[in-house]
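Presented below is the structure to which this report refers.
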Amino acid sequence: MMSKRIGENILTLRRQNNLTQKDVATILKISNRAVSKWEKGQSYPNMEHLDELSRVFGVSIDCLMHGEGEKL
């Protein structure tokens with residue numbers, strides 16, 4: 001269940017920042033397929049990727065994981 005929530009939050013934040021899955025994948029140096037799996041709740045990012053995503057989207061890791069918190 002947690003991976004689905006994280007995925008939904010990543011999808012929302014990615015769209016709010018006008019980024020494609022490929023854009024996010026390029027920034028993180030991973031495949032866009034990995035980003036797709038995160039957004040579908042099939043897997044979730046490791047701590048290193050969560051940290052980088054929080055910087056990219058300008059939110060806390062807590063916001064990425066729970067959809068709560070303030071923008072940085």
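Can you classify region 1-57 as rounded, prolate or oblate using the Cα gyration tensor, where a ≥ b ≥ c are the square roots of its eigenvalues, rounded means a/c under 1.5, and otherwise it's prolate if a/b beats b/c and oblate if not?
Taking the square roots of the gyration eigenvalues as a ≥ b ≥ c, region 1-57 is rounded.
With a 1.4 Å probe and every protein chain kept in, tell me what percent of the accessible surface of the chain is carbon plus sulfur.
Of all accessible area on the chain, carbon and sulfur atoms account for 48 percent.
222 nm [θ] for the chain, helices only, -39500 (n - 2.57) per DSSP H run of 4+, per residue, to 500?
-20000 deg cm²/dmol
Scan around VAL59 for amide H atoms under 5 Å from its own, H built in the peptide plane at 1.01 Å from N, and keep only partners 5 or more places away or cross-chain.
Under 5 Å from the amide H of VAL59: LEU72.
Only Cα pairs under 8 Å and at least 6 apart count here; give the relative contact order of region 1-50 as a rounded whole percent.
Dividing the mean separation by the residue count of region 1-50 yields 48 percent.
For the chain, with every protein chain kept in place, what is the accessible area per residue (1.4 Å probe, Å²)?
Ligands and nucleic acids excluded, the result is 64 Å² per residue.
The values are calculated or read from the model by the stated rules, or taken from the named source; none is laboratory data. This one's a predicted model, so the numbers in the text were calculated from it and none came from an experiment. Heads up: the accessible areas ignore ligands, DNA and RNA and are worked out on the full protein's heavy atoms, side chains in. Shrake-Rupley method; radii C 1.70, N 1.55, O 1.52, S 1.80 Å.
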